[in-house]
Amino acid sequence: MISIMVNGEFFQNKKHGHGKLTIQLNDRSMQRYYIGQWRNDRMNGYGTLYVNQSAYYEGEFRDSKKSGWGKMYYENGDMYEGEWYNNKRHGLGLFVTVNGDRYEGHWFEDNKHGHGQYYFGKQKRLFEGLWFNNMCKSAEQVS
């Protein structure tokens, strides 16, 4: 069974303004909640969406989707900061893995796509090049 709680501002019986939505399974195995701006019953504007205890997104929303600038902390320790569109990494962004690798550059629909730099943390090597659908097509070692 699912429990849903809403605290915040309403306009014409819809969430509108600042508020908090909490979704909890009765066995408490999962809890998601959102704190932030609402418009017309949709997450709109700046807010924080907690997916679970160790993963959350903080940034801009449009029509209840990550859109605009935001930061995502993943459950495994990875982090992405940059542009989002329609719940996908899209535009310029920085992705840092828990092992120290780092990609900074362009994204298209959740894939590395366009110009970017990839830093291999363990080898301490930086490559700059062009990406297409998450695949490096050409690169030069910079350092």
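The values are calculated or read from the model by the stated rules, or taken from the named source; none is laboratory data. Because the structure is predicted, anything quoted here is derived from the model rather than measured. Here Cβ is always computed from backbone atoms with ideal geometry, including for glycine, and neighbour counts include all displayed protein chains.
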Original post:
Can you name every residue in region 70-86 that is surrounded by fewer than 16 Cβ atoms within 10 Å (Cβ to Cβ) and not charged (D, E, K, R)?
Top reply: Asn76, Gly77, Met79, Asn86
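Restricting the search to region 130-140, which residues are of a type outside the set (S, T, N, Q) and within 24 Å of the chain's Cα centre (by Cα)? Let's see the steps before the verdict.
Keep residues of region 130-140 that are of a type outside the set (S, T, N, Q), which gives 130-132, 135-137, 139-140.
Once the filter is applied, which keeps residues that are of a type outside the set (S, T, N, Q) and within 24 Å of the chain's Cα centre (by Cα), region 130-140 yields Leu130, Trp131, Phe132, Met135, Cys136.
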**OP:** Using the structure shown, decide if Lys66 is of a type outside the set (Ser, Thr, Tyr), closer than 23 Å to Asn7 by Cβ and buried (at least 16 other Cβ atoms within 10 Å of the Cβ).
**Re:** yes
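Yes/no per residue for (1) under 22 Å from Tyr57 (Cβ atoms); (2) surrounded by 15 or more Cβ atoms within 10 Å (Cβ to Cβ); (3) modelled with pLDDT of 95 or more:
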{"position": "Phe95", "(1), (2), (3)": "yes, yes, yes"}
{"position": "His106", "(1), (2), (3)": "yes, yes, yes"}
{"position": "Gly114", "(1), (2), (3)": "no, no, yes"}
{"position": "Phe127", "(1), (2), (3)": "no, yes, yes"}
{"position": "Lys137", "(1), (2), (3)": "no, no, yes"}
